[in-house]
Amino acid sequence: MKLRRMFVVVAFTASACASVTEEAVTPAPAPTTVPATTSTVPAECEVPNRSRTDVDSSGNRFSATTVDMSLDPLIIDLPGVPAWVLSDDLGRWVVWMQDGQQLTFDSAGELIATVTQAVAGTPPFEIDAAEGIVSAYRDHTWFTDPLPDTRVVHFGRYSAALTGPTDRYAHGVLGDAIEAEGFEVIDRCAGTTVTSLTLSDPDVIEGISPMLADLDADGEPEVIVTISNSETGARIAAYGLDGRLIAETDPVGRGNRWRNQMAVVPIGPGGATELIDVQTPHIGGIVQFFALDGDRLVRRAGIEPFTSHVIGSSNLDLGIVVDATGDGQANVVVPTQDRRKLAIIRRTNDGVSVTTAVNLNARAATNIAVGDRSLAVGTESSLMVWAAR
């Protein structure tokens, strides 16, 4: 039977703890890059140890956590609609409600704290292992002209952010009509800017953050971004740390068609590394798997219809990659188009299939979060938590 916790909020003083035909297009003008320069970033090499809504500090929404979503979840009833959820290093779940409350539950689902406003600023937040709840935007000072809502991502000694806010692409599906002209990569150890890239008009980077992931298995991360324009829509591009374009997908084929980059994972046949995205998540979303082939990211498999984003939301974290069946193989976990089920998708040797679709008690409303051998999502009425067998 399903486990359920119900509560009434009282005064607490505890501290917070459509598949689209692709078209041939004329290549866009080459972007400009700026040579390495001195940065204002402090010379510290350690990656911040924080729980994040985008799962990993690199922006790669892949977790080595193992859960078993065939088990009945713990269901925690909530006093409204949640917006974000995170797990802290003590195994507790912190839920930010749409009305501004912050609720903290222990691993058994007991409410242990409620706070009206735990930290100044606007969600999403992060949970720092040493400092507690901090703004997701606190590292903006490391960069020149960062996008106001960019998430800073980290890989080894490198950190990256989206830069150059612009309104030249009026798609506006990610919460506002401001996108990024480019990105900046810094070396935290040396205190220098490694590269600063600016795309040529009409291209923009349509996203919240870059992703840093080793796509070509050379030991160094690539900078992965979603590039969009009003003529051909979105494509995924991978750049070297020096700002050199390494590879990209074909574009969707028409303007106002977005794709949500999700993860880079050794998930393909024989453990091949593949890049996963959701193309057009608002209209028949297609979960796609791409492999690096020369200077191209070539689609190897895809399945539809699913979603990983709600139009107008800044939550790009509705899809993650995790072992969701406890068998040692990574799965893509994404909502169905109506967000009333979570689909567990398996990459197979000859394609891709849906292992199962787990019923939710309402539509998914938050990011999908991972804890220590656990996974949680907030629906319109509750927090649902799955654990390992």
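Of the residues making up region 54-94, those that are hydrophobic (A, V, I, L, M, F, W, C), closer than 22 Å to residue 321 by Cβ and over 18 Å from the mean Cα position of the chain (by Cα) are 67, 69, 71, 93.
Comparison of 217, 213 shows that the only residue that is open to solvent by 30 Å² or more (accessible area, probe 1.4 Å) and closer than 19 Å to residue 261 by Cβ is 217. Of all residue pairs spaced 6 or more apart or on separate chains, those with beta-carbon atoms under 6 Å, a first member in region 81-103 that is more than 11 Å from residue 377 (Cα to Cα) and aromatic (Phe, Trp, Tyr) and a second member that is open to solvent by less than 30 Å² (accessible area, probe 1.4 Å) and at pLDDT 90 or above are 96/83; 96/84; 96/102.
Condition check ((1) open to solvent by 10 Å² or more (accessible area, probe 1.4 Å); (2) not in a loop (DSSP other than H, G, I, E, B)) across all residues:
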| residue | (1), (2) |
| --- | --- |
| 159 | no, yes |
| 162 | no, yes |
| 165 | yes, yes |
| 174 | no, no |
| 180 | no, yes |
| 189 | yes, no |
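Any chance region 250-258 includes a residue that's of a type in the set (A, V, I, L, M, F, W, C), in contact with a strand residue (DSSP E or B) (Cβ under 6 Å, 6 or more places away or on another chain) and part of a strand (DSSP E or B)? Looking through region 250-258, none of the residues is of a type in the set (A, V, I, L, M, F, W, C), in contact with a strand residue (DSSP E or B) (Cβ under 6 Å, 6 or more places away or on another chain) and part of a strand (DSSP E or B).
Could you tell me whether residue 276 is open to solvent by 10 Å² or more (accessible area, probe 1.4 Å) and hydrophobic (A, V, I, L, M, F, W, C)? It is false that residue 276 is open to solvent by 10 Å² or more (accessible area, probe 1.4 Å) and hydrophobic (A, V, I, L, M, F, W, C). Comparison of 91, 59, 109 shows that the only residue that is surrounded by 12 or more Cβ atoms within 10 Å (Cβ to Cβ), within 29 Å of residue 284 (Cα to Cα) and either modelled with pLDDT of 85 or more or in contact with a helix residue (DSSP H, G or I) (Cβ under 6 Å, 6 or more places away or on another chain) (or both) is 59. Residue count for region 197-223, restricted to those that are in contact with a Phe, Trp or Tyr (Cβ under 8 Å, 6 or more places away or on another chain) and not in a loop (DSSP other than H, G, I, E, B): 7.
Taking the criterion of being open to solvent by 10 Å² or more (accessible area, probe 1.4 Å) and farther than 20 Å from residue 65 by Cβ, the residues of region 363-389 that qualify are 363, 365, 380, 381.
Scanning region 194-207 for residues that are within 25 Å of residue 45 (Cβ to Cβ) and open to solvent by 10 Å² or more (accessible area, probe 1.4 Å) yields a count of 2. Test residue 249 against the stated conditions and say whether it is hydroxyl-bearing (Ser, Thr, Tyr), closer than 25 Å to residue 140 by Cα, open to solvent by less than 10 Å² (accessible area, probe 1.4 Å) and touching a Phe, Trp or Tyr at 6+ places or on another chain (Cβ under 9 Å). Considered against the rule, which asks whether it is hydroxyl-bearing (Ser, Thr, Tyr), closer than 25 Å to residue 140 by Cα, open to solvent by less than 10 Å² (accessible area, probe 1.4 Å) and touching a Phe, Trp or Tyr at 6+ places or on another chain (Cβ under 9 Å), residue 249 comes out as no. Of all the criteria given as (1) over 23 Å from the mean Cα position of the chain (by Cα); (2) assigned to a loop (DSSP other than H, G, I, E, B), the one not satisfied by residue 194 is (2). Can you confirm whether region 189-207 contains a residue that is within 28 Å of residue 244 (Cβ to Cβ) and touching a helix residue (DSSP H, G or I) at 6+ places or on another chain (Cβ under 7 Å)? Within region 189-207 (the criterion being within 28 Å of residue 244 (Cβ to Cβ) and touching a helix residue (DSSP H, G or I) at 6+ places or on another chain (Cβ under 7 Å)), the answer is no, since none of the residues qualifies.
Just one of (1) under 28 Å from residue 351 (Cβ atoms); (2) surrounded by fewer than 19 Cβ atoms within 10 Å (Cβ to Cβ); (3) of a type in the set (D, E, K, R) fails for residue 231. It is (1).
The values are calculated or read from the model by the stated rules, or taken from the named source; none is laboratory data. Keep in mind that this is a model prediction, so the values were computed, not measured. Glycine also receives a Cβ, built like all others from the backbone with ideal geometry; neighbour counts cover every protein chain displayed. Ligands, DNA and RNA are stripped out before the accessible areas are found, and what is left, the full protein with its side chains, is counted by its heavy atoms. Shrake-Rupley method; radii C 1.70, N 1.55, O 1.52, S 1.80 Å.
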